[in-house]
Structure formats: C-alpha cells, structure tokens
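Data block below; observations after.
Readers should treat all values here as calculations from the given coordinates under stated rules, not as data from a laboratory. Keep in mind it's a predicted model, so treat the numbers as computed, not measured. FYI the Cβ positions are ideal-geometry reconstructions off the backbone, even for glycines, and counts take in every protein chain you see.
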Ligand SMILES: Nc1ncnc2c1ncn2[C@@H]1O[C@H](COP(=O)(O)OP(=O)(O)O)[C@@H](O)[C@H]1O
Ligand SMILES: [Mg+2]
C-alpha cells in the first residue's frame, strides 16, 4: 500500500490548480454539538438571500444531521454516490432556504476510515460541483480524525465554531493546532456560538490567540492567526426551530441568533466573497 495514500499530507494549496474558484468553506469544531450544522444551514440561507448560489455538503459522515435540521427525506444521498448506486447530480436536492444540499445519509458511518476510495469520492464530488456554485459549505464532523481533517483540507477557508465553554475552547485549540501544523494554515476563522453577552466572542478569541501565540508556530515562523468573524448569542429560538425542523432564518428572522447569522453572512461576503479591489 502506498503510504502517501493513507497518510494525511495535504498540499500547501488544498485544491489542485485546475479546480474552479468556488469559495469552499469548511465549518468545523473541536467538540461536537456546538452548532456547526445550525450555522451551516442558516448561513447558507443568509448567503442565498444575498444572491449567492450556495451548496451545503453534509460532510459529517459519522453524525450527519443536516437532513434532520432541514426536515428533508432524501431518496438519494452521498452514500449512494459513494457506492455507485446513483449519479452525483441526483443527490443534489433543494433545501428550504433556497440553497442546494447533498445529504450524507445513514450508512456513511462505514466511511469513518479514510481510505483512498473515500478521498477520491470526496474530491470528485467537490471538483464536479464547485464550478456550479458561488459558495460551497462543508458541514464537517468535529475533532481531528483523518476523515474530518481530510474534508477540511478540501476547503481553502476554515470556520471554527466554538462555544464559550472551557471544553469547547480546549478542543478548538487542539483542532487549530493540528490545522496549523498538518495543513500549514496561516489563519483560521472563528465564530463563537451561544454567547451570553455581547463582546464575549471577541474576548474569547483573543484569549485563544494568546495561547496560540505562545505554543503554536506556523511554518512561516509566525503564529497562526485567528480571525474573529462574529458571535451568535444563546437564544431559545434556535432550539425551538430545531424542534420544529425549520430554518431559524425562516421561522424567526428577527430573533437575536438569526440577526447574528445575517451579520455573519455579511462578514463572510465582505471578507471572502468580494474580490479584493
Ligand atoms: N445559538 C444557540 N442558542 C441556543 N441553542 C443553540 C445555539 N446553537 C446551537 N444550539 C443548540 O445546539 C444543538 C446542536 O447544534 P448542531 O448544529 O446540531 O451542532 P453540531 O452540528 O456542531 O453537532 C442544536 O440542536 C441547538 O439546540
Ligand atoms: Mg452537525
């Protein structure tokens, strides 16, 4: 077995040069259950509302739940594509917020090991679909397993979701450290979800930056830079929307968390989607 196929060694530029320039953003976290899927789905809806063509790929193979959040019951999933039972195009389905999704489907747990087949299937999905969209959001798994790191490696930009809980922050630190060392990332974007007070997220991000400055150095010799993209307050409407299996942005567009997502979409647009003048 060729070691290069099984060892994780992403290139400096995660996408080959012939890959189209859709903006691919991986949404990930150190710890599970912090709000990755909530952010992915609602950010996709907010970016769609701003006129972008958005695809969300449920890349959390082990704990896929985008279908639950969006109340979709797909006939064809990524699992069918990976096993050759269906065409990729048939797995792309419309989501309530006006964007497109590919759902992982049950059975994907068997892909929790990063084999050469999983890698090439994943890359094929991205290479084929990215040209058709302005933004591709990868709702990845949490942590630093091979599969999670590989799915993140397909995205030039990473958005880490963390909550103010100490366990979420230590896990975020561990994930950022690996992304910096293994994927040679010079910067990682951060959104702090479930904050109690305005300003909490910025303070937490700068505390985390201080720890990274001391203990993590990138290949260039500079510390990995955290870019604070915004905060989302803890808001009972989020749970309520999940219980009703509706997008928060559609159900309660005026609630604090929905307004924060809309603001995050504005920041994503101005920093990532608008070409520098
Ligand atoms: N801002 C928030 N305020 C209140 N509850 C939230 C918020 N964000 C997420 N949650 C709760 O956390 C749960 C887990 O979120 P989810 O997006 O499924 O996490 P992950 O994808 O990271 O595992 C949601 O179902 C929701 O109940
Ligand atoms: Mg999830």
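Listing 77, 48, 167 from fewest to most neighbouring C-beta atoms within 10 Å gives 167, 48, 77.
Mind running the shape call on the stretch 135-277? Use the C-alpha gyration tensor, a ≥ b ≥ c as the square roots of the eigenvalues: rounded below 1.5 for a/c, prolate if a/b tops b/c, oblate otherwise. Prolate, because a/c is 1.5 or more and a/b exceeds b/c. Evaluated on the stretch 21-269, the Kirkwood hydrodynamic radius is 18.0 Å, with distances taken between all distinct Cα atoms. Working from Cα pairs under 8 Å separated by at least six residues, relative contact order for the stretch 21-269 is 26 percent. Sorted ascending by nearby beta carbons within 10 Å, beginning with the fewest, 52, 127 become 127, 52.
Label-to-label distance, residue 174 versus residue 87, with points set 7 angstrom from Cα along the beta-carbon direction: 4.4 nm.
When DSSP beta bridges are restricted to pairs lying wholly in the stretch 21-269, around 10% turn out antiparallel. Modelled spin-label separation between residue 184 and residue 68, with each label point placed 7 Å from Cα along the Cα-to-Cβ direction: 3.9 nm.
Each residue in 43, 249 was given a count of other beta-carbon atoms within 10 angstrom of its own, and listing them fewest first yields 249, 43.
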